[in-house]
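To keep things clear, I will list the structure first and then write my remarks on it.
Taken together, the values in this text are just the output of simple stated rules run on the coordinates, not laboratory data. Because the structure is predicted, anything quoted here is derived from the model rather than measured. FYI the Cβ positions are ideal-geometry reconstructions off the backbone, even for glycines, and counts take in every protein chain you see.
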Amino acid sequence: MPTSSASTTDASKAQASSGGVQSLERAFDLLERMADAGGEVGLSELSASSGLPLPTIHRLMRTLVACGYVRQQPNRRYALGPRLIRLGESASRLLGTWARPYLARLVEATGETANMALLDGDEIVYVAQVPSKHSMRMFTEVGRRVLPHSTGVGKALLADIPADEVRALLARTGMPAATEKTIITPEGFLDALEEVRRLGYAVDDNEQEIGVRCLAVSVPDSPTAAAISISGPAGRLTDAATENIVPVLQQVAAELSEALASSGPAN
């Protein structure tokens, strides 16, 4: 009697997710649920959100605590542990490495400098760059940190965050003026984010540095909030040039998203 493909698939999945592998899947799922909850949760909250029984969660959390990836607080709740910082920093560097072939394609297609940036806490950090071949070009040091309100990548990364969370972030960072064109009020910045959502891309028009324009889009479904951008002299990044560059930016962002989802860089 032939076995149905559905039965075979279900059996394979059950076998693949048994034993140690299942425990790993569950442990990583709990870590992600903790991150989604703000980094600190109680066992009952994890049980309710994951559907796992309390004894199972307690066993997994005890192992994660012993490894340093989770720590137990004085109030008996559990928080993400410091060893995750090292993993995150290494992963961020690798993410930049994976992005470089895509940034190189942007430079080839547009002639301008291409960047990748992440939202790290309340700041923007640049993790990769491929410079333009023009003698007059923009340069941002990899590892540089800036506030999001004066950058195209900052606008792209915050565009889909709820307004109250954006306001809270701006209250923590302040909105210092980098130039006379920097947006320096929360209302003005929220209006700019509405424009990003409407257009599908963000613009930094002399807001971080006079004479420089930047076009940015977020990388959809990135495992961490990421954006890519093109920056160059305002005289070259005109409105006409923007119409040609934005579709290329959006296409490359979509392809980079697919590569990250498959856990591998472009060949």
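Close amide-amide hydrogen proximity is noted between residue 144 and 126, each under 5 Å apart and 5 or more residues distant or on a separate chain (H modeled in the peptide plane; Pro and chain starts excluded). Ordering of 59-71, 168-180 by packing is 59-71, 168-180, highest average first (other Cβ atoms within 10 Å, averaged per residue).
The angle between the Cα long axis of helix 163-173 and the longest principal axis of the Cα atoms of the chain comes to about 70 degrees, rounded to the nearest 10.
Here the Karplus curve 6.51 cos²θ - 1.76 cosθ + 1.60, taken at θ = phi - 60°, turns the phi angles of the range 109-123 into couplings of 7, 10, x, 10, 5, 10, 10, 10, 9, 10, 8, 10, x, 9, 10 Hz, with x standing for Gly and Pro. Each residue of the range 149-155 was assigned a 3J(HN,Hα) from its phi angle through the Karplus expression (A = 6.51, B = -1.76, C = 1.60, θ = phi - 60°), giving 6, 10, 10, x, 5, x, 5 Hz with x at Gly and Pro. In terms of its alpha-carbon gyration tensor, the range 61-182 comes out oblate; a/c meets the 1.5 threshold, while b/c is at least as large as a/b. Shown here is the pair-distance distribution of the chain: with all Cα-Cα distances grouped in 5 Å bins from zero up to the longest one, the shares run 1, 5, 11, 14, 14, 13, 12, 9, 8, 6, 4, 2, 1, 0, 0, 0 percent.
Among 119, 227, 43, whose Cα projects farthest towards the positive end of the dipole of the chain, with charges put on the beta-carbon of Lys, Arg (+1) and Asp, Glu (-1)? Farthest towards the positive pole: 43. Along the axis of the charge dipole computed for the chain (Cβ charges of +1 for Lys and Arg, -1 for Asp and Glu, origin at the Cα centre), the listed residues 185, 57, 149 are led at the positive end by 57.
Amide H contacts of residue 212 (H built 1.01 Å from N, in plane; Pro and chain starts excluded): 206, 234 sit under 5 Å, all sequence-distant by 5 or more or on other chains.
Relative to the Cα centre, the charge distribution of the range 85-261, modelled as +1 at Lys and Arg Cβ and -1 at Asp and Glu Cβ, gives a dipole magnitude of about 580 debye.
What is the gain in length, in nm to one decimal, between residue 56 and residue 83 on full extension, counting 0.36 nm per residue of separation less the C-alpha to C-alpha distance? Taking 0.36 nm per residue and subtracting the Cα distance, the gain is 7.5 nm.
With the highest mean first, a sort of the peptides 196-203, 216-223 on other beta-carbon atoms found within 10 angstrom per residue produces 216-223, 196-203.
With the charge dipole of the chain set up from +1 on Lys and Arg Cβ and -1 on Asp and Glu Cβ about the Cα centre, the Cα lying farthest toward the positive end among the listed residues 98, 248, 70 is that of 70.
Working from Cα positions, state the angle (0 to 90°, nearest 10) between the long axis of helix 19-36 and the longest principal axis of the chain. The helix 19-36 is inclined about 50 degrees to the chain.
Placing +1 on the Cβ of every Lys and Arg and -1 on the Cβ of every Asp and Glu, with nothing else charged, gives the range 18-81 a dipole about its Cα centre of roughly 300 debye.
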